[in-house]
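Below you'll find the structure, written out as structure tokens, and then a few comments.
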There are 2 protein chains.
Amino acid sequence: MSNISDESTSVESLLSNVKVVLVGTTHPGNIGSVARAMKTMGIMDLVLAGPQTEINDKSYALASGARDVLENVTIVDTLQEAVADCGLVIGSSARSRTLPWPMLEPRGCGEKLLSELPNYPVAVVFGRENSGLSNDELQLCQFHVCIPANPNYSSLNLAMAVQTICYEIRMAALSNTVTPVQETYPHSAKLESFYAHLEQTLLKIGFIAKAHPGQVMTKLRRLYNRARPEDVELNILRGILTSTQQSIKEESQDKADDKS
Amino acid sequence: MSNISDESTSVESLLSNVKVVLVGTTHPGNIGSVARAMKTMGIMDLVLAGPQTEINDKSYALASGARDVLENVTIVDTLQEAVADCGLVIGSSARSRTLPWPMLEPRGCGEKLLSELPNYPVAVVFGRENSGLSNDELQLCQFHVCIPANPNYSSLNLAMAVQTICYEIRMAALSNTVTPVQETYPHSAKLESFYAHLEQTLLKIGFIAKAHPGQVMTKLRRLYNRARPEDVELNILRGILTSTQQSIKEESQDKADDKS
């Protein structure tokens, strides 16, 4: 796809590959307000990961004309499940995190999502009203997005943050200027099984200890996240891990043979 | 001012020339949510024109950390009073109005406001929750702004619209790319007294009739709005009107003298 048509039907169909994921939301009203904010920007796919409340009358009242977004909501237990099929995951975060991660502003976030959404589903993730996303959740994201708010009072309401980010996604979709990427990146579930494979291998070779894992996996996630391995590259990395584990097994086998 | 510093103090002081005007708001909660949306974007000056409700506990609850915006609110009867000192007034409007008027998208609105706010106060105006701004109110604005929402559901909540527009004003202020205009435009009260003078003159010369004014004044407002007279030009126009009225008076006097 070399050019994104600005006809409204194309825009709406393009935006059908975007999901908004809310993690651990506590107020039913916020879920409704988020649904309304999304639909006004043409984004219909809402996922609740581990919600701390149910969708109730208050949600429907605040959703107003976006009842259908609530009726078609997907509810899962964890962020990992919510984004398993996504090739790009961007998490909302405050600027000054202890975790240094590639940061985007909302405009860049809209353009980044748009450049990849012809390829696979993409997700933008919003955390709990009081505490945002946990560090583990933030590490499931390739990028973090931060709204450059007033430093003296930067606390946007959840639905306001969703409105602002969805507005920039829509603006990117309406403009013809974003060039789609050619690379195909692995979806989130594939990346996560690579990390699980990597961790398992590091345990096996004794590089990390299960009791004291330390920061090694976080640092490796940061490294690979920065590199964003493509599908073929990820296959190579997986191949190396498999070979490593086989060598250990053979060596153990050899040792066992020697002893016998 | 040739360059807008991106230091946060300069941004906040620049934004102190922006006012958000809400016309005929009916829900106290919306006033609070608007205050919060404004403050997160560094805009503190809220004006209520003819509010249909009081600021109450619900307003304060939803304002959250933006209590000070509500405490410093200005309340006036009409939009005309609210924007009397403003050199630029932009009104929020749906796209398909019967009144054709210069239209901006939110990004252009942010840039336009920023280019003029070093010169005088500027205002962005939002109408009633159900019916928006009246045609008379829209005619007090030099530009209209429309959020390019989903054509199938374009109904943003009032505070969401304020959040989106204020976000773009802040983004314009944070960028160094907007060039301030050199022209000085008359403030709204001066423009309005020109229109009053013009109408009075047209009545006197018999071009329009008080009983059946028709669309003449609306069409003239549209014309002059498109031209955006500068201060000196407005003085010339006022001078012409004064001379016209004096000529009529003299002629009436001459006729009276002839008769005597």
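A few notes on this one:
- Restricting the stretch B:117-148 to residues that are open to solvent by less than 20 Å² (accessible area, probe 1.4 Å) and within 14 Å of chain A (Cβ to nearest Cβ) leaves a set whose member that is nearest to B:GLU230 (Cα to Cα) is B:VAL145.
- Tally, over the stretch A:57-82, of residues that are touching a Gly at 6+ places or on another chain (Cβ under 7 Å) and more than 17 Å from B:TYR153 (Cβ to Cβ): 3
- Every condition in (1) among the charged types (D, E, K, R); (2) more than 14 Å from chain B (Cβ to nearest Cβ); (3) in a helix (DSSP H, G or I) holds for A:ARG170 except the one numbered (2).
- Within the stretch A:8-39, tally of residues that are in contact (Cβ under 8 Å) with a residue 24 or more places away in the chain, within 14 Å of chain B (Cβ to nearest Cβ), of a type outside the set (A, V, I, L, M, F, W, C) and not in a loop (DSSP other than H, G, I, E, B): 7
- Condition check for B:PRO102: away from chain A (no Cβ under 14 Å), within 26 Å of B:ASN135 (Cβ to Cβ), touching a helix residue (DSSP H, G or I) at 6+ places or on another chain (Cβ under 9 Å) and modelled with pLDDT under 95: yes
- Of all positions in the stretch A:159-175, none carries a residue that is under 14 Å from the mean Cα position of the chain (by Cα), open to solvent by 20 Å² or more (accessible area, probe 1.4 Å) and more than 25 Å from B:GLY29 (Cα to Cα).
- Qualifying positions in the stretch B:179-199 - touching a residue at least 12 places away in the same chain (Cβ under 8 Å), open to solvent by 20 Å² or more (accessible area, probe 1.4 Å) and in a loop (DSSP other than H, G, I, E, B): B:THR179, B:VAL181, B:GLU183, B:THR184, B:TYR185, B:HIS187
- Among the numbered conditions (1) assigned to a helix (DSSP H, G or I); (2) aliphatic (A, V, I, L, M); (3) closer than 18 Å to A:TYR167 by Cα, the only one that A:ILE43 does not meet is (1).
- When A:GLU81, A:GLU71 are checked against the criterion of being among the acidic types (Asp, Glu) and surrounded by 13 or more Cβ atoms within 10 Å (Cβ to Cβ), A:GLU81 stands alone in meeting it.
- Any hit, the stretch A:42-58, residues being farther than 19 Å from A:VAL122 by Cβ, at pLDDT 95 or above, touching a strand residue (DSSP E or B) at 6+ places or on another chain (Cβ under 6 Å) and surrounded by 17 or more Cβ atoms within 10 Å (Cβ to Cβ): no
- Only residues that are more than 7 Å from every other protein chain (Cβ to nearest Cβ) and surrounded by fewer than 22 Cβ atoms within 10 Å (Cβ to Cβ) were counted in the stretch A:149-158, giving 1.
- The number of residues in the stretch A:217-236 that are part of a helix (DSSP H, G or I) and out of contact with any helix residue (DSSP H, G or I) (no Cβ under 7 Å at 6 or more places or on another chain) comes to 13.
The values are calculated or read from the model by the stated rules, or taken from the named source; none is laboratory data. Predicted model, so just to flag it, every value in this text is computed and none were measured. Note that we place each Cβ from the backbone using ideal geometry, even for glycine, and neighbour counts take in every protein chain shown. All accessible areas refer to the heavy atoms of the entire protein, side chains included, with ligands and DNA or RNA removed. Shrake-Rupley method; radii C 1.70, N 1.55, O 1.52, S 1.80 Å.
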